[in-house]
Structure formats: C-alpha cells, structure tokens
1. Counting each pair of different Cα atoms once, what's the Kirkwood radius of the range 1-126 in Å, rounded to one decimal?
2. What length, rounded to one decimal in nm, is gained on full extension from residue 6 through to residue 150, with 0.36 nm per residue of separation minus their alpha-carbon distance?
3. Return the Rg/Rh ratio of the range 132-226 with Cα-based radii and a Kirkwood Rh.
4. Can you list, bin by bin at 5 Å, the percent of alpha carbon pairs in the chain, starting at 0?
5. Counting pairs of alpha carbon atoms under 8 Å apart in space and at least six apart in sequence, what relative contact order in percent does the chain give?
6. Please report the orientation-averaged projected area of the range 81-177, defined via the convex hull of its C-alpha atoms, in nm².
7. Please give the calculated 222 nm ellipticity per residue for the chain, where each DSSP H segment of at least 4 residues contributes -39500 (n - 2.57) and the sum is spread over every residue; nearest 500 deg cm²/dmol?
8. Roughly what % of DSSP beta bridges within the chain run antiparallel, to the nearest 5?
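Read the figures in this text as sums done on the coordinates, not as results from a lab. Owing to the predicted nature of the structure, the values given are computational and were not obtained by experimental measurement.
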Ligand code: DX5
Ligand code: ZN
C-alpha cells in the first residue's frame, strides 16, 4: 500500500470541553476528523499542566480513528510504557526532552506504537537527519508549545519545506501544530505537511450540542489546504 500523504486534519482536544472529552471526540470524528491529537504537558518542559496516561486510557475507547499523542514532558522515557499501554497509536516526543532521542524512539516502537519526533521552532532539522529510519512522523512546531490559540509563526513554512525534502520517499508523516486555520493551512500543506493539527480553529463556536460547527470548521481547513 502506498504511503498516505493525503491531508489529515487532527483536532487537538486541548481546545475541547475537558469535562466531556468522550463526547467531544465522538463529535469531531463524526464531523470529519482524521486523527485525534492529544497533548500531555508536565508543567516543567512547558509552562502548563494537562493530562496523563490515565486520561489517555479513559478516552481511548472513544477514538475510532487514530490517537496521536504529543508528549510535552521531560524526561519522556519513564512514561513511554504508560502512554503506550494507554492505547496511543502514535507517541511523539520532543527532540529537546532528553539526550538519547534514538533510544526513546526505539522504546516507543518496542512498546508497539509509532514513533514521532517534535522539533521546537529553534531546533534545526539537522538534529534528526541521521536517525530518520527510527522516525514515523516529524512534528514541526509552529508555535512555542504549551497553549492553544497562539499565532502561527510564518518562518516555519520554510522549515516544513525542508522537512519534506529531507524525508523524500521515506514513509514519514510531516505534521504541523500551532495556529493552523484556513489562512495558514494552505501555506503548510503547500510546503509538504500532511497532518494538520488544529485546536481552536476546529472547536471554536461549536459544542457537543452543536457539532455541525465542528464539521464546518474542519471542512474549511481541509478545503483551504487543497
Ligand atoms: C500546544 C499544543 C497544540 C495546541 C494547538 O502546545 O501542542 O496541539 O492545541 O492549538 P491551536 O491549534 O489553537 O494553536
Ligand atoms: Zn500538540
């Protein structure tokens, strides 16, 4: 089967109603989400605290698509097993989160998940150039991680294009996260990103009582991405 480079919209549940995560996930999936993006944060690697493996395990039965878990924690290694057992399909760690990235990526695959690596905006692609065989996804951050609703950083478009060139024919997804909306989606999709994370742009104006708004928001991003 050829590698799937079609555009995938991955709503970040960071912008969902945390008191109602199961229903929120079902709503965005019904309305067209391709992946579900989950954002554990530790209050140390990033200045915010969110969820841990227990919550990821609790939402797992509600995800019928693909659970994409973006760890903003350091160190990540002690928690890989727990997030894998919680049912993550993809576990993405930050390149900046520890000194032995290759070992961390191997550990993710050994636990049965796909292995992603996230690059903060100041971390160059050369950091991972020699370990691409260990990578299933490159997440190019387009904001400083920690919070939803921040402004997209335009200079990252060139980084996405460089990531796409570096990946070549390898079966590696290129994901972007931060400030993705119908205005910025065409920039990153045009540069070669295939997984577009969007939190505020998907959840704004909608609710589980008005899920059709989620559908309109997802379709607007997908249409803009082309
Ligand atoms: C922030 C998270 C993002 C966040 C994106 O560190 O990694 O996934 O939810 O939110 P928006 O799409 O609102 O920028
Ligand atoms: Zn994220």
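1. Values: mean 1/r = 0.0665 Å⁻¹.
In the range 1-126 this quantity evaluates to 15.0 Å.
2. Details: separation 144, 0.36 × 144 = 51.84 nm, distance 2.57 nm.
Working it through step by step, the gained length comes to 49.3 nm.
3. Numbers: Rg = 13.9 Å, Rh = 13.8 Å.
Across the range 132-226, the Cα-based Rg/Rh ratio is 1.01.
4. Result, from short to long distances: 1, 7, 16, 20, 22, 18, 11, 4, 1, 0 percent.
5. Values: 469 pairs, mean separation 47.1, N = 226.
Relative contact order, the chain: 21 percent.
6. Values: hull surface 25.4 nm².
For the range 81-177, the mean projected area of the Cα convex hull comes to 6.3 nm².
7. On the way: 8 runs with 71 residues, N = 226.
Value at 222 nm, helices only, nearest 500: -9000 deg cm²/dmol.
8. Numbers: 2 of 31 bridges.
Looking only at bridges with both residues in the chain, the antiparallel portion is about 5 percent.
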